[in-house]
Every structure is written in C-alpha cells, then in structure tokens.
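Trainee: Provided herewith is a single structure, encoded as structure tokens, for subsequent inquiry.
Bear in mind these aren't lab numbers, they're just calculated from the coordinates by the rules spelled out. No experiment lies behind these values; they were computed from the predicted model shown.
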Amino acid sequence: MLSSPQALAWYRHIGVSICVADTASALLPAQAIAAAPLPEKAVTATAPEAKALAAEPLAMPPSLAALRDSIAAFDRCALKQTAMNLVFADGNPEARLMLVGEAPGADEDIKGVPFVGAAGQLLDKMLAAIQLDRTKVYITNVLPWRPPGNRTPTDQEIAACLPFVRQHIALIKPAFLGLLGGVATKALLSESTGIMKLRGTWRTYSCLSGAEIPVLPLFHPAFLLRSPLQKRAAWQDMLALKERLDA
C-alpha cells in the first residue's frame, strides 16, 4: 500500500485536482493505489525520440493479438505508467468501416474498452441512426492509454504511438476510415487544417500496405456533447458516410 504522500503525488500526476474525501485512499480503490507506479518511474520519449519512433519502420505483427502484445510491452510513452488499462479496440475486425478516435477517457480506462462513456453512448446512437452497431464497425484510438485528467495528448505522445495505429489499420484493412476529431485527423492525415473545416470532406489515407483508403473526418462525439448545435452538421456527415458505405 502506498503511503499518503506517495498517493497524493500520484493523483497530482494523473490530473486529480480536487479532493472529495478526507483521505487520499478514498479517491480510488485500494488496489488501484497499491498498483500505481510513482511519477518518477514514468518513461517518456523526448520530442526527437518520439519523432524518430514515428518514422522508424516497425516489423508488421502477424495478428491483432501480436499487435496488442507489442503495445503492452512498449515503454516509451509515459501514459502507460498512469493508466489503469491498455485500451486496444472494440467491434468487428472484419468490418468495412474502421473508426479511430483520440484517446481513452476515464470510463474507457477503467473498462479497457474504447468509447464506453458518455461520448461512446452518443457514438452508438450516431451509428444506429445509419443502421450500424459495434458488430458492423471496428473502433480504436490513436493513443491506447488515457492522458492524465483527459487532457489533449501531446505531439510527442501521438508520435510515439502513431506507428502502432498505422499497423492496426494495415491489419484490419478497412474499406473506409472514419477519423473522430481533430487529433486523429491531424495524426493520420498529417493535416494542419482544423476539424471544423475538414469534417465531412473525403480524404485519402495511404496504408502501410500501399492501399489507398477513403477517409472521412468527423466530429468527435465528446465535442458534440459540449457543442450540441453541431449535431446537425454531424448528421449530414453520417449520411455521407452511409451513402459511401451503401455504394
């Protein structure tokens, strides 16, 4: 069991800023505190190292299980040290549509499954509106670990994890990609233009296999929860996605 000063230091490191009980141990289950690494043990790649990691070709894993094992063994992203679980993917690996989001949130970190919180529930409703569900799509994120406090991932964190996302796409071989939010769109399309301008416009992703995959940038469901007036535009994008899938 970690002592209170250690626990509090770890809470600050993962983004907890408000104490809702008299003791630090009340904030998380005792086993979570006991298993938590201290901040000084976290290993992070510097900006040049992260850039080199993103550019370095990795041996293609033979299967999704092998890819998951490779990610689990990866120690050059400090997010691994503060996350409770590796969040790999959900849905049907044989699906024609693959959705890529940003990073896990608190609910996803606890359950180890992407898009299970409020944003995930909205995503399920969006998919249902065009006659899709998780048996017909495949879902993952750019980052497999939750950033502390749900903050935006840094460029270094994205660069360090990007090779795994590219391998993930190459293994799934989707007919179409949907990129949920600005982080995923910028990372996979190397775009500097914001998601407000890119959403709803088809692009092309160059897969590691050499295949060209049609890509549709979409608003992230978490953004739609904060900005409900954008749901009309999101609905138009979902209709465009359905039209392409049906064609």
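Trainee: Sort out for me the Cα centre separation of segment 158-187 from segment 87-130, rounded to whole Å.
Mentor: One Cα centre to the other: 14 Å.
Trainee: Report the Stokes-Einstein translational diffusion coefficient (µm² s⁻¹, integer) for segment 123-247, Rh taken as the Kirkwood radius over Cα pairs, at 20 °C with viscosity 1.002 mPa s. Kindly include the intermediate steps, with their values, before the conclusion.
Mentor: On the way: Rh = 15.2 Å.
After rounding, the answer is 141 µm²/s.
Trainee: Largest first and to the nearest Å, give the Cα extent of segment 65-179 along each principal axis.
Mentor: That gives 39, 29, 23 Å along the principal axes, largest extent first.
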